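Beneath this line is the structure, given in structure tokens, with notes to follow.
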Amino acid sequence: MPSATFQVQRGGAGGGRLETYTTEVAEGMVVLDAVLQIQAEQAPDLAVRWNCKAGRCGSCSAEINGMPKLMCMTRLSDLPPGKPILLQPMKAFPLIKDLVTDVSWNFRVKKMIKKFKPRPPDAADGTWRMAQEDVDRVQEFRKCIECFLCQDVCHVLREHHLFEEFIGPRFFVHVASLEMHPLDVEDRREELKKADGIGYCNITKCCTQVCPEDIHITDNAIIPLKERVVDKFYDPLKRLFGRWRGKK
Amino acid sequence: MPSYDTHTYDVLVIGAGGAGLRAAIEASAHGVSVGLVCKSLLGKAHTVMAEGGIAAALSYVDDRDNWKVHFADTMRGGQYLNNGRMAELHAKEAPERVLELEAWGALFDRTKDGRILQRNFGGHKYPRLVHVGDRTGLEMIRTLQDHGIYQGIAVHMECTITTLLKEEGRVVGAFGYEREKGRFLVFFAKAVILATGGIGRAYKITSNSWEYTGDGHALAFHAGAELMDMEFVQFHPTGMIWPPSVRGILVTEGVRGEGGILLNNQGRRFMFDDIPALYVNQTADNEEEGWRYTQGDKNARRPPELLTRDHVARCIVREIKEGRGTAHGGVLLDISWIKKKLPHAEDHIRKKLPGMYHQFLKLADIDITRQPMEVGPTTHYIMGGIRVDADTQMATVPGLFAAGECAAGLHGANRLGGNSLSDLLVFGKRAGEYAAQFAKENKSVTISGEHLDQYSREALRYFETEGADNSFQVQADLQDMMQDLVGIVRNEADMLRAVEELKKLKERAANVRVTGNREFNPGWHTALDLQNLLTVSEAVTLAALERKESLGAHFREDYPDRDEKSGKFNIVIRKSEEGWMELRQEALPELPAELQHIINEMK
Ligand SMILES: Cc1cc2nc3c(=O)[nH]c(=O)nc-3n(C[C@H](O)[C@H](O)[C@H](O)COP(=O)(O)OP(=O)(O)OC[C@H]3O[C@@H](n4cnc5c(N)ncnc54)[C@H](O)[C@@H]3O)c2cc1C
Ligand code: SF4
Ligand code: SF4
Ligand code: FES
């Protein structure tokens with residue numbers, strides 16, 4: 001059977017070292033299969049998160065040859081053949097051990113966002129009516145599997161560590177899913193500008209590129225949110241911008 | 001004495017899937033303090049993987065639907081072994097529970113007039129499954145999670161409970177460890193709810209993740225609670241089979257609900273060849289009628305692909321055994337054929353089944369809008385579990401509650417698709433409500449440090465054992481054994497062998513060698529989970545031996561037929577004084593006349 005070589009980052013916060021493992025590979029194998037095989041056969045204490053093995057739970061995020069990806073959706077056959085495959089944990093978050101990082105910050109951030117607040121029911125039986133077209137737009141955001149790969153790649157978090165001032169692309173998607181929800185009547189623009197730090201995003205679109213759910217994070221979530229914020233807060237640039245585009 | 005990180009709550013919920021989250025939300029709404037523990041991160045439990053939908057008789061798509069029809073469908077699907085009261089409560093309360101999700105922000109697919117759209121699924125007479133494409137579970141768990149985080153529930157992620165604490169004959173808390181550092185945790189609670197999900201990791205070919213090791217079943221058993229119906233393990237008819245690395249990953253029944261058909265290697269639609277007597281009246285007798293049904297024609301009957309899962313799985317096994325399977329040992333599931341019937345069929349498929357489209361394209365190089373999928377049965381769900389009171393979800397030990405997949409009763413001998421997600425909501429809520437009530441009526445009790453030290457020693461002993469195997473090897477051997485000997489088609493000789501094998505595996509499991517230290521060490525975690533997996537495997541095997549008949553998901557080739565006495569009892573399991581697994585048959589409770597009347601009416 002053919003085999004492949006992996007260089008896996010091992011160790012905890014104290015320091016990472018690369019360990020080399022060679023393991024047999026079969027047709028169709030994904031990176032996670034290889035990691036679990038290495039774990040079962042060579043390194044039972046190799047720490048890794050996974051659940052669904054089908055790109056649905058967002059647990060198995062890691063950096064494969066330096067690219068933030070889901071290990072369960074990355075086929076070995078899509079990686080350069082014959083070369084060792086480099087596996088590292090997400091860099092933006094504090095390391096726990098091996099491929100596992102401390103992503104608890106994300107769970108704390110979510111709690112700060114104002115919760116869903118629906119308008120009063122439309123019908124006497126307490127239900128609402130919504131058109132599929134209106135739902136479609138928000139369903140795109142609700143596809144998010146909270147893999148946090150977009151957070152990992154965003155330079156505001158990864159390089160500038162602005163964890164206290166910036167909620168990151170995942171949570172702009174979340175805010176967008178609430179703000180554009182056909183039933184929601186809450187206003188989150190003030191926080192977006194201040195606590196959420198949307199201004200730090202300079203639309204590099206790195207987040208969109210890594211999203212395994214193909215959510216158009218920048219075009220469909222962040223930019224419309226920025227526009228909403230601008231609408232609310234007087235902004236001379238926006239007036240200029242608006243005139244250029246000849247809108248409104 | 002080592003010191004333990006100790007937490008005290010009124011209600012402790014173990015498990016953060018749909019059932020656990022719904023229970024936690026309800027308990028906290030009743031004004032008690034709630035702790036919630038789960039093995040993975042929040043939002044990653046199995047519920048997130050559910051695809052097809054939530055069954056609820058909202059009757060938005062077909063106004064002939066109502067709770068009675070849903071009740072009768074559930075009972076028929078379960079071969080009448082279900083707990084009638086649970087099936088009644090489930091059918092009555094599911095619609096309200098779904099609407100509540102909408103009020104909490106869930107966005108389901110819509111009908112033309114803006115209401116919630118419902119789809120067809122196996123064994124459901126009318127289109128009943130509330131869904132979002134094929135990612136319904138994600139919508140449900142995220143809605144519960146995003147509602148729950150504002151309720152003041154204390155969440156302990158990546159913590160595993162290894163023992164329930166008992167004092168004065170009732171459950172008073174739980175003991176476990178957190179994965180990150182391997183430190184032990186003690187939870188004291190006036191009531192404990194188990195919502196730990198299933199046991200699918202007992203089998204090699206499975207749609208279930210590493211978490212599904214039957215922990216709740218085993219915890220309850222060791223705490224003296226009764227288990228019931230453990231012989232009924234659902235093998236979903238359609239799992240992926242090729243390439244090998246994806247074997248077992250689920251292919252939603254929604255594919256068949258949208259018109260997908262099953263073919264053998266000769267291109268024959270074999271599901272028409274064998275239609276069970278109980279369903280003849282409700283099944284299409286030609287392909288045209290079946291197609292019309294999937295497209296919402298109210299006068300058409302369902303195609304045989306949408307018969308119950310136990311039956312479809314066995315038909316697939318038959319085709320493969322008799323040499324009509326594909327090269328990789330499966331059959332074909334084809335949705336691309338609807339091109340012949342629908343304009344823009346390719347877009348339609350991508351819209352209705354985006355997850356499946358993506359999954360096959362990415363993992364198997366198959367474009368399902370153009371090519372058939374290769375599928376075969378995969379271990380999916382356990383109908384059996386902790387025996388509970390139908391109304392309150394309390395187990396047979398006071399202070400202990402159970403809801404969701406780890407509880408028994410609703411599904412009888414076979415679960416209908418979509419009835420699990422609704423089960424989680426209906427009985428999760430009930431468990432939360434009654435556990436909160438129990439907590440208000442009872443005092444908290446602490447437990448001596450000696451006991452706790454014993455639990456920690458038991459958990460740590462694997463660092464000192466000197467066995468030849470690591471925990472993954474023993475787990476893999478157990479999975480192979482269960483797959484071969486206690487799988488879809490069972491017989492006495494195989495299962496007696498399984499009992500012997502289990503003894504050997506237990507010995508090996510007691511001595512597995514763990515390397516490394518306590519910090520985030522999957523080898524150690526698997527060693528601990530393995531003990532639970534062995535307990536539930538034993539329960540499944542002994543119950544399957546005891547039931548000398550074929551019923552629902554339990555098929556005995558040495559007792560293929562049914563007779564008058566078939567399906568008249570439940571098998572109940574308990575831990576004996578000496579620590580053995582004790583089995584007894586218990587006659588089915590009689591159904592109240594009104595419920596029996598509904599069943600007769602809908603026959
Ligand atoms: C691929 C797939 C598709 C499915 N599709 C559908 C569908 O379309 N419709 C439907 O109705 N059903 C479906 N099902 C079934 C349904 O999803 C599950 O039965 C259901 O989600 C189980 O929910 P639960 O809340 O009982 O448990 P889970 O969601 O599995 O949650 C269990 C929780 O318990 C925790 N836990 C377990 N042991 C411990 C321990 N020792 N200590 C602490 N925490 C613990 C876990 O970490 C987890 O949080 C599907 C199942 C699968 C696998
Ligand atoms: S587009 Fe904005 S949020 Fe996305 S990676 Fe770039 S800076 Fe970060
Ligand atoms: S938006 Fe995309 S990349 Fe970001 S967490 Fe969600 S699924 Fe992952
Ligand atoms: S394991 Fe679930 S996304 Fe990879």
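A short reminder: the numbers here are calculations on the coordinates, not readings from a lab. Owing to the predicted nature of the structure, the values given are computational and were not obtained by experimental measurement. Glycine also receives a Cβ, built like all others from the backbone with ideal geometry; neighbour counts cover every protein chain displayed.
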(request) Taking the dipole about the Cα centre of the protein assembly as shown, with the C-beta of Lys and Arg at +1 and of Asp and Glu at -1, give me whichever of A:Gln37, B:Gly552, B:Gly43 is farthest to the positive side. (result) B:Gly43
(message) Out of all Cα-Cα pairs in region B:449-567, roughly what percent, to the nearest whole number, are more than 26 Å apart?
(response) 34
(message) Given Cβ point charges of +1 (Lys, Arg) and -1 (Asp, Glu) and nothing else, what value in debye, to the nearest 20, does the dipole of region B:445-513 about its Cα centre take?
(response) 40
(request) Could you let me know the centre-to-centre spacing of region B:1-73 and region B:480-538, using Cα atoms, in angstrom? (result) 28
(request) Kindly express, to the nearest 10 degrees and within the range 0 to 90, the angle between helix B:136-148's C-alpha long axis and the longest C-alpha principal axis of chain B. (result) 40
(message) Below 8 Å, C-alpha to C-alpha, sequence gap of six or more: please give me the relative contact order for region B:108-152 in percent.
(response) 26
(message) Taking the Cα centroid of region B:127-167 and of region A:187-207, what is the distance between the two, rounded to the nearest whole Å?
(response) 28
(message) Explain nothing, just compute: Karplus ³J(HN,Hα) = 6.51 cos²θ - 1.76 cosθ + 1.60, θ = phi - 60°, for every residue of region B:419-433 in order, whole Hz, x for Gly and Pro.
(response) 7, 7, 4, 5, 4, 4, 6, 5, 8, x, 4, 4, 4, x, 5
(request) Within region B:132-174, report the GluC sites (Glu not before Pro) that DSSP leaves as loop and that have at most 10 other Cβ atoms within 10 Å. (result) B:Glu168
(request) Taking amide H positions as placed in the peptide plane 1.01 Å from N, state which residues far from B:Phe401 in sequence (5 or more) or on other chains have amide H under 5 Å from it. (result) B:Val192, B:Ile193, B:Leu194, B:Ala395
(message) To check my understanding: the extent here is largest minus smallest coordinate of the Cα atoms along each principal axis. What are those three numbers for region A:104-236, in Å, largest first?
(response) 52, 35, 28
(request) For region B:313-321, take each phi angle, set θ = phi - 60°, evaluate the Karplus expression 6.51 cos²θ - 1.76 cosθ + 1.60, and give the result in whole Hz per residue in order, putting x for glycine and proline. (result) 4, 5, 5, 5, 4, 4, 4, 5, 4
(request) Could you size up the charge dipole of region B:237-379 around its Cα centre, putting +1 on the beta carbon of Lys and Arg and -1 on that of Asp and Glu, and report it in debye to the nearest 20? (result) 180
(request) May I ask for the distance between the Cα centers of region B:388-463 and region A:3-31, given as a whole number of Å? (result) 39
(request) Please tell me which of these pairs span more than 32 angstrom C-alpha to C-alpha: B:Lys321/B:Lys548; B:Lys204/B:Lys362; B:Lys504/B:Lys568? (result) B:Lys504/B:Lys568
(message) Amide H of B:Ala16 versus every other amide H placed in the peptide plane: which residues, excluding those fewer than 5 positions away on the same chain, fall under 5 Å?
(response) B:Lys39
(request) Place a +1 charge on the Cβ of each Lys and Arg in the protein assembly as shown and a -1 charge on the Cβ of each Asp and Glu, then give the dipole magnitude about the Cα centre in debye, rounded to the nearest 20. (result) 2400
(message) For a test of the definition: using alpha carbon positions, the gyration tensor, and the 1.5 limit on a/c, classify the protein assembly as shown as rounded, prolate or oblate.
(response) rounded
(message) Need the list of lysines near A:Lys194 for cross-linking: C-alpha distance under 19 angstrom, and skip anything on the same chain fewer than eight residues off.
(response) A:Lys110, A:Lys111, A:Lys114, A:Lys115, A:Lys226, A:Lys232, A:Lys238
(message) Only sites in a loop by DSSP and with at most 10 other Cβ atoms within 10 Å count here; which GluC sites (Glu not before Pro) in region B:431-535 make the cut?
(response) B:Glu464, B:Glu466
(request) Please name whichever of A:Pro169, A:Gly16, A:Asn202 sits farthest to the positive end of the charge dipole of chain A, dipole taken about the Cα centre and charges placed at Cβ: Lys and Arg +1, Asp and Glu -1. (result) A:Asn202
(request) May I ask which residue of B:Ala436, B:Gln585, B:Ala220 lies farthest towards the positive end of the charge dipole of chain B, with charges of +1 (Lys, Arg) and -1 (Asp, Glu) on Cβ and the Cα centre as origin? (result) B:Ala436
(request) Scan around B:Thr378 for amide H atoms under 5 Å from its own, H built in the peptide plane at 1.01 Å from N, and keep only partners 5 or more places away or cross-chain. (result) B:His236, B:Thr238, B:Gly239
(message) Pairs of alpha-carbon atoms within less than 8 angstrom and 6+ residues apart define the contacts here; what relative contact order does region B:237-379 have, in percent?
(response) 33
(request) Find the relative contact order for region B:351-436 and round it to a whole percent, using C-alpha pairs within less than 8 Å whose residues are 6+ positions apart. (result) 23
(request) Could you pull out every one of the aspartates and glutamates with an alpha carbon less than 15 Å from that of B:Lys351, ignoring same-chain neighbours closer than 8 positions? (result) A:Glu133, A:Asp136, A:Glu140, A:Glu213, A:Asp214, B:Glu51, B:Asp109, B:Asp134, B:Glu258, B:Asp367
(request) When a/c is below 1.5 the answer is rounded, else prolate if a/b is larger than b/c, else oblate, so apply that to chain A with a ≥ b ≥ c taken from the square roots of the Cα gyration tensor eigenvalues. (result) prolate
(request) Loop only per DSSP, at most 10 neighbouring Cβ atoms within 10 Å: give me the GluC sites (Glu not before Pro) in region B:227-299, ordered by residue number. (result) none
(request) Step through the residues of region A:13-21 one at a time and calculate ³J(HN,Hα) from phi using the Karplus curve (6.51 cos²θ - 1.76 cosθ + 1.60, θ = phi - 60°), rounding each to whole Hz and writing x for Gly and Pro. (result) 3, x, x, x, 10, 8, 10, 9, 10
